[in-house]
Amino acid sequence: MGANVILQIRMEALGLTQDELAGQLNNALLQITGRPGEISSRTIRNLLSGRHQRPIGRTCVALERVFGCPVEQLGFSAPSSMQRLPEDPVRRRAFIASTTGTAAAAMPIARQRRSVGMSDVARAAAAMNELVEADDHQGGHASLAAAALQGRTGVLELQQRNASERVRRALYALAAEYTTIAAWSCIDLRELDRAQTYLHESTTFAGLSQDPATGMRVWVNMAMLAYQRRNWTEHLAAAQAAEATPASRRDPFFGSMGRVRVALAHATLGDSRAAERSLSAAQSTLRKAEDGDHPRWTAFYGPAELDHLAAIILNHSGRHAHAEAAAHQALARIPHAFRRNRALATCQLALAQLRQDEPEQATQAAASVFAIMDGSPLPGRMRTLIGDFHRDLFRLAPSTTYARDWADRMRDEWSRA
């Protein structure tokens with residue numbers, strides 16, 4: 001499954017080293033069981049590496065006590081026999097205060113209070129943003145989808161309490177956001193039927209929230225799902241729905257995001273003129289956008305991602321030299337923290353070079369995808385692109401040394417996934 005990026009982000013948020021986390025877990029076990037724990041930094045390394053994806057019950061209980069959330073929100077699966085202890089709020093506050101002053105940021109979403117306020121919404125949103133960061137770094141994976149669904153469950157539980165209309169709408173927006181993260185992970189993993197189910201649920205929550213940006217996100221993901229299914233007419237319809245949302249009409253930033261999706265849809269349908277018009281409109285609209293307070297999930301979008309999408313559009317339109325130039329521009333701009341997006345743009349670069357009869361150069365570019373992902377399993381969507389490259393390479397230059405070396409490297413990477 002790969003490294004547990006969610007746990008790493010949680011540790012960084014609390015400023016904990018591996019040794020410090022081990023100490024806090026042992027302190028938690030002492031308070032819970034009356035006996036000190038025996039967790040070492042080696043245990044923490046195994047948790048971070050993904051080697052231990054289902055820790056033993058005592059470790060799970062200690063993790064929940066330290067981080068203030070279910071282990072599923074830390075990227076783990078709880079053992080079926082795990083017994084969760086009843087929470088004592090006073091004892092818990094004393095424990096948090098004795099371990100770290102910043103641990104309050106990881107407090108559980110749900111509380112025993114009868115009413116729910118915007119502070120609860122803020123905590124739920126902060127937990128959601130951690131999942132977005134994990135996706136930016138590694139791409140969609142099963143533990144991320146599970147954590148997103150767990151977060152949605154917590155938000156929906158809050159809906160059962162007394163709340164103002166404003167709070168209820170914000171909670172529905174968060175339910176839509178969490179569900180969309182799960183759907184997006186499934187798209188990245190190419191578990192497309194599950195993604196479809198989650199996106200239909202997201203649509204309901206987005207409608208109840210009446211939040212324009214949330215509705216925009218759902219339609220963008222609908223378009224992405226249709227693209228992965230190669231359902232080009234549905235792809236165009238979803239992209240046009242995104243372009244027509246209130247968020248897109250009111251804010252040039254979202255307007256650009258909708259127009260570039262329409263451009264990609266036209267390109268997949270073979271209408272290169274319409275694709276070029278919509279791409280040009282997306283570029284000019286983005287130049288009009290002002291720095292604003294946009295949701296965390298939009299951090300991926302800007303000039304760099306627009307260049308990346310332009311490379312995809314131009315590759316679909318057969319303008320491979322222009323696609324190569326756009327991919328180079330994207331890679332010069334995409335922040336290194338967005339590993340998944342850098343790797344996807346590199347795939348587009350390799351495909352553009354290959355389709356210009358530059359197989360050796362293209363193979364070098366494609367091989368760098370594995371270095372960019374740095375040992376993390378490739379999301380299914382990326383594996384599909386690499387598979388397309390592999391097939392085209394062996395059709396063009398099957399007997400070359402670099403093609404054979406590429407095949408060996410690909411088998412090695414695939415076997416580690």
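Structure values in brief
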quantity	calculated
Flag for Glu290 being among the charged types (D, E, K, R), outside the structural domain of Ala127 (by TED's automatic domain parsing), touching a residue at least 24 places away in the same chain (Cβ under 8 Å) and out of contact with any Cys (no Cβ under 9 Å at 6 or more places or on another chain)	yes
Odd one out for Leu264, checked against (1) under 25 Å from the mean Cα position of the chain (by Cα); (2) closer than 23 Å to Ala170 by Cα	(2)
Elements of type helices (runs of 4 or more DSSP H) in the range 293-387, at least 2 residues being touching a residue at least 12 places away in the same chain (Cβ under 8 Å) and more than 29 Å from Leu144 (Cβ to Cβ)	320-333, 339-354, 359-373
Subset tally (residues that are of a type in the set (Ser, Thr, Tyr) and crowded, with 20+ Cβ neighbours inside 10 Å) for the range 1-42	0
Residue match in the range 199-216 (condition: acidic (Asp, Glu) and in contact with a helix residue (DSSP H, G or I) (Cβ under 8 Å, 6 or more places away or on another chain))	yes
Candidates Asp193, Asp188 - the one that is surrounded by fewer than 22 Cβ atoms within 10 Å (Cβ to Cβ), on the phi < 0 side of the Ramachandran plot and of a type outside the set (Val, Ile, Thr)	Asp193
Sole exception among (1) modelled with pLDDT of 95 or more; (2) closer than 28 Å to Met257 by Cβ for Leu354, by number	(2)
Matching residues, the range 388-417, being part of a loop (DSSP other than H, G, I, E, B) and either out of contact with any helix residue (DSSP H, G or I) (no Cβ under 6 Å at 6 or more places or on another chain) or within 18 Å of Arg342 (Cα to Cα) (or both)	Pro398, Ser399, Thr400, Ala417
Filtered residues of the range 388-416 (kept if within 23 Å of the chain's Cα centre (by Cα) and surrounded by fewer than 13 Cβ atoms within 10 Å (Cβ to Cβ))	Arg416
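Let's see how each residue does on (1) at pLDDT below 80; (2) aliphatic (A, V, I, L, M); (3) within 20 Å of Gly151 (Cβ to Cβ):
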site	(1), (2), (3)
Asp19	no, no, no
Glu38	no, no, no
Leu48	no, yes, no
Cys60	no, no, yes
Pro70	no, no, yes
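The values are calculated or read from the model by the stated rules, or taken from the named source; none is laboratory data. Predicted, not measured: the structure shown is a model, and the values here were computed from it. Glycine also receives a Cβ, built like all others from the backbone with ideal geometry; neighbour counts cover every protein chain displayed.
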